[in-house]
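Since the structure comes first, as structure tokens, the remarks are kept for the end.
The values are calculated or read from the model by the stated rules, or taken from the named source; none is laboratory data. The structure displayed is predicted, hence computed values, not measured ones. Cβ sites come from the backbone with ideal geometry, for glycine too, and all protein chains shown count toward neighbours.
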Amino acid sequence: MAQDPTTLTATEAAALIRSRKLSAAELAEACLDRVRRREPEVEAWAHIDPDRVRAAARAADAVAPRSALHGIPFGVKDVIDSADLPTEYGSEIFAGNRPSQDAACIAKMKAAGAVLMGKTVSTEFATYRPGKTRNPVNAGHTPGGSSSGSAAAVGDRMVPIAFGNQTAGSLIRPAAYCGVCALKPTFGTVDLGGILALENSFDTLGYMARSFDDIAAFYGIVRGVAMPPVPDTLPRPPRIGVLANFNTDVTEAPSREAVARAATRLGSLGASVGDVRLPDTYASLPATHATILNVGLSRNLGEIYRTNGNRISERLRGMIEDGLACPPDRLAAAVDHAERCRRGINTVFGDWDVFLCPSAPGEAPEGLGTTGNPIFQLAWTLMHLPCATVPFGLGPRGLPVGVQIIGREGEDETVLRIAKWLHTRQ
């Protein structure tokens, strides 16, 4: 075909594969060629085996389509177990580690006829120490984290879709920094077997792509519920609550302006738009999140800390040590606070369908020593709510800026529909 296949969204490419106007092998080869040309600068991949990719693509071409993403290459964050490739969790401690079987999410994608492209770079144990990946728009800036490689690979068109995950801000923030769409679904909707656990009460698998139709298809396969393309229209004008007192002290001009432009655009499309103020008790959710997360790290990474503490970053050691030293009453108070806020969140929503706020404080920070601030995700991760980032233009430094749509627990499809409505009409 004349068009570069890497410019297609996953669902566009899958439709061409079904009609035999494009083969899975051609798409895979185009992606591999893109990797060859761009990986030296972006460094999104932890492990990739071109021969395995080609073999899987040929196998997909040899059978009838099995799903909406049959023949589509997908990336996998390197904290998700894979039998075909090493899983190293972003740490030298697990160099060469070979799990015996695929994580449940990879198994679902393979059964659907999708093609495992490779393992994307993660920060150290999906926490804060950066990996090698650079922002694909400007290599002097961070791609975000911890799903660094997945965001960069999708943003640079090396692969159409990729898995990330989120325990703090690990999915939405890097997607925003790299200019791609992403969904962190409602907590607990899919099997997390084979994914590195950090805090079991809010770890969530997530999805990155360049369109929300792609994300719906991707999520549907893993969830086991076939999802049709996201409707291009809404059954009624949505009600959008703009969070007026949410981390305003760290919101930089590019994000503030993007949210204002998004609100204006949504209003021009017929949405009801107004300000919402979170109750004061929600302001301390980041501290509550940190307490619960650090105790979870001490449980899930405690053995690594005991046997290899000198080989993990100082910041991660400090988080684990804080969790180990946490008094039971402090943890109980944090858990109670989180549960009270969860019970009250529908009251906060009131008549609003979704909330609108920044996806990150601003453009991706300069330098590779930090992955940015997860402050705009902590509350929603802790609350178990679905949220999506919508790419919404560029900031003054030419880097992507995203706006975030947050929905009620279980209303993932509402989030996807409104996110697509805005994404395709900006």
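The numbered conditions (1) aliphatic (A, V, I, L, M); (2) in a helix (DSSP H, G or I); (3) closer than 30 Å to ALA62 by Cβ are all true for LEU85 except (2). Candidates are the residues of region 13-57 that are acidic (Asp, Glu) and free of Cβ contacts under 8 Å to residues at least 60 places away in the same chain; the one that is farthest from ARG210 (Cα to Cα) is ASP51. Scanning region 233-277 for residues that are closer than 17 Å to THR414 by Cα and charged (D, E, K, R), we see that the one that is surrounded by the most Cβ atoms within 10 Å (Cβ to Cβ) is ARG239.
Out of SER284, SER298, one residue alone is under 30 Å from ARG239 (Cβ atoms), of a type in the set (Ser, Thr, Tyr) and either under 23 Å from the mean Cα position of the chain (by Cα) or in a helix (DSSP H, G or I) (or both). It is SER284.
Here VAL180 does not qualify as β-branched (Val, Ile, Thr) and more than 16 Å from ALA364 (Cβ to Cβ). Among the residues of region 99-117, are any buried (at least 24 other Cβ atoms within 10 Å of the Cβ) and under 25 Å from PRO391 (Cα atoms)? Yes, because at least one residue in region 99-117 is buried (at least 24 other Cβ atoms within 10 Å of the Cβ) and under 25 Å from PRO391 (Cα atoms). Beta carbons closer than 6 Å, at least 6 apart along the sequence or on distinct chains, pair a first residue in region 405-426 that is under 22 Å from PHE246 (Cβ atoms) and modelled with pLDDT of 95 or more with a second that is part of a helix (DSSP H, G or I) and of a type in the set (A, V, I, L, M) for ILE405/VAL415; ILE405/ILE418; ILE405/ALA419; GLY407/VAL415; LEU416/ALA216.
The single residue among GLY220, GLY206 that is of a type outside the set (Lys, Arg), in contact (Cβ under 8 Å) with a residue 24 or more places away in the chain and surrounded by fewer than 23 Cβ atoms within 10 Å (Cβ to Cβ) turns out to be GLY220.
Answer yes or no as to whether THR189 is in contact (Cβ under 8 Å) with a residue 40 or more places away in the chain, of a type outside the set (A, V, I, L, M) and surrounded by fewer than 23 Cβ atoms within 10 Å (Cβ to Cβ). Against the criterion (in contact (Cβ under 8 Å) with a residue 40 or more places away in the chain, of a type outside the set (A, V, I, L, M) and surrounded by fewer than 23 Cβ atoms within 10 Å (Cβ to Cβ)), THR189 qualifies.
Output the number of residues of region 391-411 satisfying the condition of being surrounded by fewer than 24 Cβ atoms within 10 Å (Cβ to Cβ) and outside any loop (DSSP other than H, G, I, E, B).
Filtering region 391-411 down to residues surrounded by fewer than 24 Cβ atoms within 10 Å (Cβ to Cβ) leaves 391, 393-399, 408-411.
From what's left, outside any loop (DSSP other than H, G, I, E, B): 391, 393-394.
Result for region 391-411: 3.
Among the candidates ALA360, ALA388, the residue that is under 15 Å from the mean Cα position of the chain (by Cα), at pLDDT 95 or above, among the aliphatic types (A, V, I, L, M) and in a strand (DSSP E or B) is uniquely ALA388. Does ASN165 count as of a type outside the set (A, V, I, L, M, F, W, C) and either without any contact (Cβ under 8 Å) to a residue 40 or more places away in the chain or surrounded by fewer than 24 Cβ atoms within 10 Å (Cβ to Cβ) (or both)? For ASN165, the condition - of a type outside the set (A, V, I, L, M, F, W, C) and either without any contact (Cβ under 8 Å) to a residue 40 or more places away in the chain or surrounded by fewer than 24 Cβ atoms within 10 Å (Cβ to Cβ) (or both) - is not met.
Out of the helices (runs of 4 or more DSSP H) lying entirely within region 1-63, which hold 2 or more residues that are crowded, with 18+ Cβ neighbours inside 10 Å, modelled with pLDDT of 95 or more and polar (S, T, N, Q)? Write out each step before concluding.
Working: elements: 10-18, 24-42, 50-61.
So the answer is none; nothing clears 2.
Kindly list, by first and then second residue, each pair from a residue in region 288-300 that is under 12 Å from ALA379 (Cα atoms) to a residue that is part of a helix (DSSP H, G or I), limited to pairs with Cβ atoms under 6 Å and residues at least 6 apart or on different chains. Partner pairs satisfying both residue conditions: THR288/ALA334; THR288/HIS337; THR288/ALA338; HIS289/LEU378; HIS289/LEU382.
Among the residues of region 94-132, those that are over 24 Å from ASN310 (Cβ atoms), assigned to a loop (DSSP other than H, G, I, E, B) and small (Gly, Ala, Ser) comprise SER100, ALA103, ALA112, GLY113, ALA114.
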